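Chemist: To start, I am sharing the structure in question, which I have written as structure tokens.
The values are calculated or read from the model by the stated rules, or taken from the named source; none is laboratory data. Given the structure is predicted, the values throughout are model-derived calculations rather than measurements. Because the Cβ atoms are built from the backbone with ideal geometry, glycine has one as well, and the counts that use them run over all protein chains shown. Ligands, DNA and RNA are stripped out before the accessible areas are found, and what is left, the full protein with its side chains, is counted by its heavy atoms. Shrake-Rupley method; radii C 1.70, N 1.55, O 1.52, S 1.80 Å.
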Amino acid sequence: MPKTAPFETHTDRYEDWFEAHEDAYQSELEALERLVPATGRGVEIGVGSARFAAPLELDVGIDPAAAMLERAQTRGIDVVRGVAEALPVRNGSFDTALIVTTICFVDDIPQTLTEADRILTPSGSLVIGYIDKDSPVGRQYQEKKEQNPFYRDATFVSTDELVDALEAAGFTDFEFVQTIYHWLDEVDGTEPIEEGYGDGSFVGIKATR
């Protein structure tokens, strides 16, 4: 079952995080801007309130939480209710699929990646942004997850684990960016964005076939 309850009942708290951590949010957004193509038709899987889909100018957002979809609509995104493991979208419908801070909430990562592959055009790109479980922030989230209604049921993944899953789903080429080098409450100004992974807590992967 999708982990929607916290996102239905704590929508304001979700939005407040972005306001309280504006510099961290902008750092993550700028990192993803380097990976998300500027052209073509795009969808965000697990769109939430469209904090990423809207500024990245994606067309459609899919999410199982109705409260989040209502917020996404106010940001100009066409919304569809659905889960990542069974996307209500035709084959080859999009040039870009984006998954941001959502991969830790899906029930089945391999099936999610298979579905993302299915809805992409042959030359399409899958972009995933996430907190690496082996990073300082990732370890902190795991240690304190019971205190957070969003992360209580989350399953964090490492970059190596995610690359293995992407390769199993048929993706062969990868580009990495990373950012967030401080604790989130200590981020003051946008963080540097660098290629690769292993230093920054937030990692972006662009995967193609």
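Chemist: Which residues, counting only those in segment 186-196, are touching a residue at least 40 places away in the same chain (Cβ under 8 Å) and either farther than 17 Å from Pro136 by Cα or exposed (fewer than 15 other Cβ atoms within 10 Å of the Cβ) (or both)?
Modeler: To start, the set of residues in segment 186-196 that are touching a residue at least 40 places away in the same chain (Cβ under 8 Å) comprises 187-191, 193.
Asp188, Gly189, Thr190, listed by residue number.
Chemist: Further question on the same structure: Would it be correct to say that Ala65 is touching a strand residue (DSSP E or B) at 6+ places or on another chain (Cβ under 7 Å) and open to solvent by less than 10 Å² (accessible area, probe 1.4 Å)?
Modeler: Working: touching a strand residue (DSSP E or B) at 6+ places or on another chain (Cβ under 7 Å): no; open to solvent by less than 10 Å² (accessible area, probe 1.4 Å): yes.
Taking the combined requirement at face value, the residue does not satisfy it.
Chemist: Quick test of your reading of the structure: Asp134 fulfils all but one of (1) in contact (Cβ under 8 Å) with a residue 12 or more places away in the chain; (2) part of a helix (DSSP H, G or I). Name the failing condition by number.
Modeler: Asp134 satisfies every listed condition except (2).
Chemist: Could you figure out which of (1) hydrophobic (A, V, I, L, M, F, W, C); (2) closer than 18 Å to Thr9 by Cα; (3) in a strand (DSSP E or B) isn't true of Ala50?
Modeler: Of (1) hydrophobic (A, V, I, L, M, F, W, C); (2) closer than 18 Å to Thr9 by Cα; (3) in a strand (DSSP E or B), only one is false for Ala50: (3).
Chemist: What do you reckon, is Ala72 crowded, with 17+ Cβ neighbours inside 10 Å, farther than 25 Å from Thr179 by Cβ and among the hydrophobic types (A, V, I, L, M, F, W, C)? Before you say what the answer is, go through the steps one by one.
Modeler: Values: crowded, with 17+ Cβ neighbours inside 10 Å: yes; farther than 25 Å from Thr179 by Cβ: no; among the hydrophobic types (A, V, I, L, M, F, W, C): yes.
Here the answer is no, as Ala72 does not meet what is asked.
Chemist: Sticking with this one: For segment 88-147, which positions are small (Gly, Ala, Ser), within 17 Å of Thr172 (Cα to Cα) and crowded, with 20+ Cβ neighbours inside 10 Å? Lay out the reasoning, then the answer.
Modeler: Kept after step one, since they are small (Gly, Ala, Ser), are these residues of segment 88-147: 92-93, 97, 116, 123-125, 129, 135, 138.
Going one step further and asking which of them are within 17 Å of Thr172 (Cα to Cα), we end up with 97, 116, 123-125.
Correct list: Ala97, Ala116, Gly124, Ser125.
Chemist: Return the total of residues in segment 146-175 being over 16 Å from the mean Cα position of the chain (by Cα) and among the β-branched types (Val, Ile, Thr).
Modeler: Final tally of qualifying residues: 1.
Chemist: When you go through (1) assigned to a loop (DSSP other than H, G, I, E, B); (2) of a type outside the set (Phe, Trp, Tyr); (3) touching a strand residue (DSSP E or B) at 6+ places or on another chain (Cβ under 8 Å); (4) within 15 Å of Ala31 (Cβ to Cβ) one by one for Gly189, which number turns out not to apply?
Modeler: Of (1) assigned to a loop (DSSP other than H, G, I, E, B); (2) of a type outside the set (Phe, Trp, Tyr); (3) touching a strand residue (DSSP E or B) at 6+ places or on another chain (Cβ under 8 Å); (4) within 15 Å of Ala31 (Cβ to Cβ), only one is false for Gly189: (3).
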